[in-house]
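Heads up: the structure comes next, in C-alpha cells.
The values are calculated or read from the model by the stated rules, or taken from the named source; none is laboratory data. All values derive from a computational prediction rather than experimental measurement. Cβ coordinates were reconstructed from backbone atoms using ideal geometry, including for glycine residues, and neighbour counts include every protein chain displayed. Please note that ligands, DNA and RNA were not included when accessible areas were found on the heavy atoms of the full protein model with its side chains. Shrake-Rupley method; radii C 1.70, N 1.55, O 1.52, S 1.80 Å.
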Amino acid sequence: MDRRSHRHRGPRAPQRSRTSKDRRPPRPAHRLKYDRRSGLMAHNRRSFLAAGAAGVAGLTFGTLPAAAARPSDAGFGLTDNGASYTASTGAGLTFTIKKGNGDLISLNYQGVELQPRGTNGSHVESGLGNTARVTATQDGTYIVITESVTNWRGSGTLIHYFVAVNGLNNIYMATYVDSKGAGELRWIQYLNREVLANIHTPSDVRGGTPIESKDIDLVGGQTRSKYYSNRPAVELVPRGVTGNGIGVYMAYGNRESSSGGPFFRDIEQQGTGASVELYNYLWSGHNDTEAQRLDVLYGPYALMVADETTPDSPDMTFMGGLGLRGYVPESGRGYVSGTASGISCCLVGFANSQAQYWAVPNPDGTFTSPPMKPGAYAQTLFQGELEVARTRVTVAAGATSAQDIASAWNTPDAVFRIGDWDGTPGSFNNAGNVTRMHPSDTRMSDWGPTTFTVGDSDVSSFPAYQWKDVNSPTTIQFTLGPDQITDRTVRIGITAAYAGARPQIQLNDWTSPTPEPSTQPKSRSLTIGTYRGNNAQFSFQVPTSAFVAGTNTLVIDVISGSGSAGYLSAGFSYDCVDMY
C-alpha cells in the first residue's frame with residue numbers, strides 16, 4: 001500500500017448542486033416500477049425492506065416515484081481522448097476511466113480533484129490490469145462505461161459498469177462475475193486526503209505502526225485498522241468522508257449477491273498517509289460464513305458526491321433497463337409471505353447459493369420478503385443474531401409463496417444464566433469495543449482471567465472473548481441447596497471461534513469430555529472487529545455426583561491444538577452460559 005504523502009493546492013469553494021436527495025434519474029417508459037425506502041420497516045406485498053437504503057439484500061420493487069424534470073444537456077457528455085473516457089454529469093462532477101486497465105484516474109467536483117496524486121487509480125477488486133476491455137456509450141440521459149476481463153482469477157469473466165445520469169453527481173455501478181473465477185471482490189475509491197480529511201477515526205492508520213499482520217496499527221496509543229470501520233450488512237446506510245464543504249459517500253446497494261447474511265461485517269474505510277480509501281466490499285472472505293456467490297450481478301451501488309450532509313441512498317431502479325448482465329427483472333422474481341412467531345423481536349432471512357435476503361416482520365409477526373430470484377431457499381428466523389428456527393421455501397417467478405416460521409428455541413428454567421441467547425456477546429465485558437478496536441487496546445477493560453459469582457457479579461464483568469493464551473480460564477461460582485443436586489446440563493454458546501477453539505469444563509472434581517470444534521471460517525475474527533462467525537452451542541451433561549451442597553465451582557477452559565500466541569491464540573466469543 002502506498003502511504004506516501006502528496007501536496008495539493010487546496011480546494012476551490014464548492015458550488016451548490018443537486019444531490020440524490022433533490023431528484024431522481026428519469027426512466028424510459030419500460031423501466032421497472034419499484035421503489036427504495038430507507039431504514040428497517042414492516043412490509044406488505046408492495047412495500048418492504050429497502051435493500052439499497054438499509055443494506056438489505058434484494059432489489060426493491062414498489063410504486064414508481066414521479067420522474068424529475070430532465071435537466072439541461074449543457075455540460076453533460078462523454079469525451080474520448082484515445083487513452084481514456086471522461087464522463088461529465090453536467091452538474092459539476094466529472095470522472096475519467098483509463099482505457100488501458102479500467103481504473104478511475106480522475107474524480108473532479110466543481111474543479112476540485114478528489115482522486116489523489118501518487119496513488120493507484122480507483123478500481124474494482126485490485127484492478128483489472130492491461131487485459132481489460134473498456135467501452136462507452138451515451139444517449140441523452142445516460143453514459144455507460146463498461147470494463148471487462150475474461151481472465152479474472154484464472155478464466156473467469158468479470159464485467160464492471162459505470163453509469164452517469166444527466167444532472168446527478170453520482171457514479172452508479174454494478175459488477176458481474178461468472179462461475180469460472182472466484183476471489184476478493186470490492187470497489188475501492190482513493191480520495192484526496194487534503195480535501196476530504198474527516199474520516200471514521202477507528203480506521204485511520206496514518207502515522208501508525210503495524211502490530212498485527214500489517215493491517216492493524218497503533219496510532220497515538222490507539223489501535224486502528226480498516227477492519228474497524230465495519231457495520232452489519234443490515235445497517236449499511238450511506239457513509240462517507242467529508243471536508244471543505246464536499247462529501248463523498250458510498251451507497252452500498254442491495255446485498256443480494258454478497259454473502260454472510262444480515263449480520264456480516266466488513267471493511268468500509270481506511271485512512272493512510274497517501275489517501276482516504278472508501279470501499280464497497282462485495283465479497284472478501286473476511287471471516288465469511290458462506291461461500292462466494294458466482295454467476296451473479298453485485299449491485300447496483302453508487303459513489304455519491306455531495307456536500308457534507310450525508311445524502312439518502314439514491315434511486316437506482318433505472319439501471320434495470322440498461323442491459324446489465326445478470327440483472328433479474330421484477331417479472332422474473334417472486335415473494336415469500338408468512339408469520340413469524342414464538343419470539344417478540346426478530347428478523348427473517350432467506351439464502352441459497354445464488355442470493356440472500358431478509359425482512360423485518362410487522363408487530364403482529366407478519367412479513368413479506370423483498371423480491372427474490374426463483375429457487376429453493378433456507379428460511380431462517382433470528383432472535384437477535386441467533387438462529388432459532390429454519391425451514392425451506394420455494395420461490396417462483398410472478399408468485400407469492402406462503403411460509404410461516406416459529407421459534408424452536410428452548411429456554412428452560414435455569415439455575416443460572418449469564419447473558420442472553422441472542423447470538424452476540426452484547427452485555428459482556430468489552431463487548432461495546434470489540435468491533436472498533438483491537439483487543440489489546442488500552443481502552444479495553446482488563447480481560448481477566450475472570451471469576452464470576454452468580455448472584456453477586458454483574459454480567460458486564462463476564463468476558464466477551466476468551467483466549468487460550470490471554471484470559472483462560474473463566475471461573476463461575478454458584479450455590480446449590482441439597483434439593484437442587486441432580487443431573488444437570490451446562491450450555492455454552494459461542495458466536496465465533498478462531499483456530500479451532502472450543503470450551504471444555506471442569507465442575508468441582510469432574511471434567512467434561514473433549515468436544516469437537518465447531519464449524520467456523522478459517523480467517524482471523526476476534527482481532528479484526530467481528531464476533532460474527534457461526535453460532536454454536538456446546539452442551540455438557542453433568543452427573544449428580546459432580547455437585548455438592550453449597551458452593552460449586554465451574555471452570556471453563558479454551559482447548560485447541562492450533563493458534564499462535566496472545567490474541568492470535570485459539571479463542572472464542574461468548575453468547576450465553578447457563579445451567580439447568
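Can you confirm whether D469 is outside any strand (DSSP E or B) and without any contact (Cβ under 8 Å) to a residue 12 or more places away in the chain?
no
Conditions: (1) free of Cβ contacts under 8 Å to residues at least 60 places away in the same chain; (2) among the aromatic types (F, W, Y); (3) under 19 Å from T424 (Cα atoms). W510 meets all but one. Number of the miss?
Answer for W510: the failing condition is (3).
May I ask you to say which residue of D456, D441, D422 is open to solvent by 60 Å² or more (accessible area, probe 1.4 Å) and acidic (D, E)?
Result: D456 is the single residue among D456, D441, D422 that is open to solvent by 60 Å² or more (accessible area, probe 1.4 Å) and acidic (D, E).
Has the range 503-515 got at least one residue that is part of a loop (DSSP other than H, G, I, E, B) and of a type in the set (V, I, T)? Break it down stepwise before answering.
Residues of the range 503-515 part of a loop (DSSP other than H, G, I, E, B): 508-509, 512-515.
So of that shortlist, the ones also of a type in the set (V, I, T) come out as 514.
Within the range 503-515, one or more residues are part of a loop (DSSP other than H, G, I, E, B) and of a type in the set (V, I, T).
Given the options V124, V165, V177, V134, name the one that is in the same structural domain as V296 (by the TED database), among the β-branched types (V, I, T) and closer than 18 Å to L278 by Cβ.
Just one listed residue meets the conditions, V124.
Would you point out which residue out of Q379, Q292 is part of a loop (DSSP other than H, G, I, E, B) and surrounded by 16 or more Cβ atoms within 10 Å (Cβ to Cβ)?
When all the criteria are applied, what remains is Q292.
Give the range 124-155 a look and list any residue that's touching a strand residue (DSSP E or B) at 6+ places or on another chain (Cβ under 7 Å) and over 25 Å from Y190 (Cβ atoms), or say none.
T137, Q138, T141, Y142, T150
Could you please tell me which pairs satisfy a Cβ distance under 7 Å, a separation of 6+ or placement on different chains, a first residue in the range 345-370 that is assigned by the TED database to the domain that holds S401, and a second residue that is open to solvent by 30 Å² or more (accessible area, probe 1.4 Å) and charged (D, E, K, R)?
T368/R45
Do you know which residues across the range 197-223 are in contact with a Pro (Cβ under 9 Å, 6 or more places away or on another chain) and without any contact (Cβ under 8 Å) to a residue 60 or more places away in the chain?
First pass over the range 197-223, keeping only residues in contact with a Pro (Cβ under 9 Å, 6 or more places away or on another chain): 216-218, 222-223.
Residues satisfying the conditions are D217, L218.
Only one of T368, T424, T411, T400 is modelled with pLDDT under 95 and in contact with a Phe, Trp or Tyr (Cβ under 7 Å, 6 or more places away or on another chain); which?
T411
Taking the range 223-245 on its own, how many of its residues are part of a strand (DSSP E or B), surrounded by 24 or more Cβ atoms within 10 Å (Cβ to Cβ) and not charged (D, E, K, R)?
Total meeting the criteria: 3.
(1) in a strand (DSSP E or B); (2) buried (at least 19 other Cβ atoms within 10 Å of the Cβ); (3) not charged (D, E, K, R): which one isn't true of Q520, the others all being true?
The one condition Q520 does not meet is (1).
From the set of residues in the range 483-501 that are of a type in the set (S, T, Y) and out of contact with any helix residue (DSSP H, G or I) (no Cβ under 6 Å at 6 or more places or on another chain), which is farthest from L554 (Cα to Cα)?
Residue satisfying both the conditions and the ranking: Y498.
Only residues that are assigned to a strand (DSSP E or B), of a type in the set (S, T, Y) and open to solvent by less than 50 Å² (accessible area, probe 1.4 Å): list them for the range 382-419, please.
Those that are assigned to a strand (DSSP E or B), of a type in the set (S, T, Y) and open to solvent by less than 50 Å² (accessible area, probe 1.4 Å): T391, S401.
Checking T489 against (1) surrounded by 18 or more Cβ atoms within 10 Å (Cβ to Cβ); (2) part of a strand (DSSP E or B), which test does it fail?
In the conditions (1) surrounded by 18 or more Cβ atoms within 10 Å (Cβ to Cβ); (2) part of a strand (DSSP E or B), T489 misses (1) alone.
Just the residues that are among the polar types (S, T, N, Q) and either assigned to a strand (DSSP E or B) or open to solvent by 50 Å² or more (accessible area, probe 1.4 Å) (or both), please, taken from the range 535-564.
If the condition is that a residue be among the polar types (S, T, N, Q) and either assigned to a strand (DSSP E or B) or open to solvent by 50 Å² or more (accessible area, probe 1.4 Å) (or both), then N535, Q537, S539, Q541, T544, S545, T551, N552, T553, S562, S564 are the ones that fit.
Mind listing just one residue for me: the one in the range 262-289 that is open to solvent by less than 10 Å² (accessible area, probe 1.4 Å), assigned to a loop (DSSP other than H, G, I, E, B) and touching a Ser or Thr at 6+ places or on another chain (Cβ under 7 Å) and, of those, nearest to T530 (Cα to Cα)?
Restricting to residues being open to solvent by less than 10 Å² (accessible area, probe 1.4 Å), assigned to a loop (DSSP other than H, G, I, E, B) and touching a Ser or Thr at 6+ places or on another chain (Cβ under 7 Å), the top hit is N287.
Can you go through Y574, Y531, Y567 and tell me which one is aromatic (F, W, Y), part of a loop (DSSP other than H, G, I, E, B), at pLDDT 95 or above and touching a strand residue (DSSP E or B) at 6+ places or on another chain (Cβ under 8 Å)?
On the way: Y574 fails: part of a loop (DSSP other than H, G, I, E, B); Y567 fails: part of a loop (DSSP other than H, G, I, E, B).
Result: Y531 is the single residue among Y574, Y531, Y567 that is aromatic (F, W, Y), part of a loop (DSSP other than H, G, I, E, B), at pLDDT 95 or above and touching a strand residue (DSSP E or B) at 6+ places or on another chain (Cβ under 8 Å).
Among R417, R436, which is the only one that is farther than 30 Å from T551 by Cα and in contact (Cβ under 8 Å) with a residue 40 or more places away in the chain?
Going through R417, R436 in turn, the sole match is R436.
Could you tell me which residue of the range 184-194 is nearest to T89 (Cα to Cα), considering only residues that are open to solvent by 10 Å² or more (accessible area, probe 1.4 Å) and either of a type outside the set (K, R) or outside the structural domain of T242 (by the TED database) (or both)?
The residue in question is Y190.
Yes/no per residue for (1) within 25 Å of V276 (Cα to Cα); (2) under 31 Å from the mean Cα position of the chain (by Cα); (3) open to solvent by 30 Å² or more (accessible area, probe 1.4 Å); (4) at pLDDT below 95:
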{"residue": "H43", "(1), (2), (3), (4)": "no, yes, no, yes"}
{"residue": "A53", "(1), (2), (3), (4)": "yes, yes, no, yes"}
{"residue": "R70", "(1), (2), (3), (4)": "no, no, yes, yes"}
{"residue": "G75", "(1), (2), (3), (4)": "no, no, yes, yes"}
{"residue": "Q115", "(1), (2), (3), (4)": "yes, yes, no, no"}
{"residue": "L128", "(1), (2), (3), (4)": "yes, yes, no, no"}
{"residue": "V149", "(1), (2), (3), (4)": "no, yes, no, no"}
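Is it true that some residue in the range 204-222 is open to solvent by less than 30 Å² (accessible area, probe 1.4 Å) and among the basic types (K, R)?
Step one: of the range 204-222, the residues open to solvent by less than 30 Å² (accessible area, probe 1.4 Å) are 204-205, 208, 212, 215-217, 219.
When the remaining residues are screened for being among the basic types (K, R), the result is none.
Taking every residue of the range 204-222 in turn, none turns out to be open to solvent by less than 30 Å² (accessible area, probe 1.4 Å) and among the basic types (K, R).
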